[in-house]
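To keep things clear, I will list the structure first and then write my remarks on it.
Every read-out reported here was derived from the displayed coordinates using simple, explicitly stated rules and does not represent laboratory data. In this text the structure is predicted, and so the values were computed from the model without any measurement. For neighbour counting, all protein chains shown are included, and Cβ atoms are generated from backbone atoms with ideal geometry for every residue, glycine included.
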Amino acid sequence: MQEEFKKQSEALYSLLNVHDSFPELVGVDLEFVWTLLMVRDLKMNICKWAIGSFLEWDKLDQAAGGQEQNLGTKLHQAIRNTISKHAPTLMNAICKFNGYCVTLAALSKEEWSIPLPAPLPVKLAELRESPLLMEDVWISKTPREQPQWLVEANIHISI
C-alpha cells in the first residue's frame, strides 16, 4: 500500500513540472521540495497579512497621535475589530510556518545546499521589527564556494 502511494505521489510530482520550473532541484527529496514550496507560498501570504495589519495599526497610531485627522469612535472601533479578527489567522499561519521550518531542518541534507528559512517571531510587535519577515524563501541551491572577493583581502581591496 505504501509503495503504491509513493508511486502515485511521484506521478503527481512529475505532473507538477517542478523540475522544469526549478531544474536545480533535481535529485532533492520529494517531501523536502513539497514542504519548501509550501513554506514559500505561506511566507508570501504571511507577509501580505502582516503588512496589512501593520498599516492598520499605523493608521490608528497616527490618528491618536494627532498627525492625522481624528477617526471618530465608530471608525476607530471598526478598525480595531478588523485587526482583532485578522490576528488569529496571522498567528496560526506563523505557527504553521514555524512548524514547516522545523520539518525542513529535519529533512534537509547538506549536499543539497539549499538555505533553510528561519522561524518567524510569534509576537506581532517582534515580527514588525524583525528582518526575517521580508527575507525570501530560497528555492535554489547556493554555491558551495565563496566568491574570491569575499575570501581574499587583496581582491576585496582592489574592488
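Details
- Residue-count net charge about L90 - beta-carbon cut-off 14 Å; Lys, Arg +1, Asp, Glu -1: +4
- Estimated vicinal HN-Hα couplings, Hz - the range 39-56 in sequence order (Karplus 6.51, -1.76, 1.60; Gly, Pro = x): 5, 4, 5, 5, 5, 4, 5, 4, 4, 4, 5, 5, 5, x, 5, 5, 5, 5
- Residue separation of I51 and M134 scaled by 0.36 nm, minus their Cα-Cα distance, works out to 28.9 nm of gained length.
- In order along the range 130-139, the Karplus-derived 3J(HN,Hα) couplings, from 6.51 cos²θ - 1.76 cosθ + 1.60 at θ = phi - 60°, round to 7, x, 5, 4, 8, 6, 7, 8, 6, 9 Hz, and Gly and Pro are given as x.
- The residues packed around C101, meaning those with a beta-carbon under 15 Å from its beta-carbon, carry a net charge of -1 if Lys and Arg are +1 and Asp and Glu are -1.
- Full-stretch length increase - A106, S21 - with 0.36 nm per residue and alpha-carbon distance subtracted: 28.1 nm
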